[in-house]
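Okay, so here's the structure we're looking at.
The values are calculated or read from the model by the stated rules, or taken from the named source; none is laboratory data. Model, not experiment: these values are computed from the prediction. Glycine also receives a Cβ, built like all others from the backbone with ideal geometry; neighbour counts cover every protein chain displayed.
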Amino acid sequence: MNALNELLQNLIQLQALEFSEAEDKDAEVAITELRAKIPSQILGHYDRLVAKGKKGITMVRDQVCTGCHMRVPIGGIISLKHGEDIQLCESCGRYLYLPPATEAEPAKAAEPAAQPKPARKPRKSKKSLQKV
């Protein structure tokens with residue numbers, strides 16, 4: 001797992017722990033450990049989003065940010081697929097990640113096969129209508 005994927009997974013786990021209702025010592029220890037693994041600039045941006053009541057990281061599904069439902073530019077999607085750099089949604093400012101490949105595949109398989117369009121009837125020309 002490369003460093004970017006590890007960072008994103010740490011953010012996802014941190015968000016899951018912070019937004020869960022369970023208040024126990026194990027969760028607090030896990031939160032502290034995860035926060036230590038995340039760079040301070042990224043953690044600062046994440047904390048500002050959480051302070052506003054928003055989630056700090058969200059999934060991109062069908063090229064759409066699931067946080068604000070706005071389309072993500074294709075350049076950002078490609079960067080996420082290649083694992084080049086961490087991406088922010090241009091609309092809501094949340095960190096973006098792509099779903100695991102196992103989660104994305106069933107959606108593609110569930111689409112029905114494309115039905116051929118019915119043949120169009122030829123239109124009558126204006127000349128043939130004038131003769132009638």
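Within the range 77-90, restricting attention to residues that are part of a helix (DSSP H, G or I), out of contact with any strand residue (DSSP E or B) (no Cβ under 7 Å at 6 or more places or on another chain) and not charged (D, E, K, R), the residue that is nearest to Asn10 (Cα to Cα) is His82.
Taking the criterion of being of a type in the set (A, V, I, L, M) and farther than 20 Å from Ser79 by Cα, the residues of the range 1-37 that qualify are Leu14, Ala16, Leu17, Ala22, Ala27, Val29, Ala30, Ile31, Leu34, Ala36. Considering every residue within the range 22-37, establish whether at least one is surrounded by 14 or more Cβ atoms within 10 Å (Cβ to Cβ), closer than 23 Å to Lys81 by Cα and more than 20 Å from the chain's Cα centre (by Cα). Yes, because at least one residue in the range 22-37 is surrounded by 14 or more Cβ atoms within 10 Å (Cβ to Cβ), closer than 23 Å to Lys81 by Cα and more than 20 Å from the chain's Cα centre (by Cα). Scanning the range 38-50 for residues that are surrounded by 13 or more Cβ atoms within 10 Å (Cβ to Cβ) and part of a loop (DSSP other than H, G, I, E, B) yields one hit, Ile38.
Only residues that are assigned to a loop (DSSP other than H, G, I, E, B) and within 22 Å of Leu14 (Cβ to Cβ) were counted across the range 51-71, and they come to 8.
Gly93: modelled with pLDDT of 90 or more, in contact with a helix residue (DSSP H, G or I) (Cβ under 7 Å, 6 or more places away or on another chain), assigned to a loop (DSSP other than H, G, I, E, B) and closer than 20 Å to Leu7 by Cβ, yes or no? Criteria met by Gly93. Kindly indicate the residue of the range 1-13 that is out of contact with any Lys or Arg (no Cβ under 6 Å at 6 or more places or on another chain), without any contact (Cβ under 8 Å) to a residue 40 or more places away in the chain and assigned to a helix (DSSP H, G or I) and also nearest to Gly83 (Cα to Cα) among those meeting that condition. Only one residue fits best here, namely Ala3.
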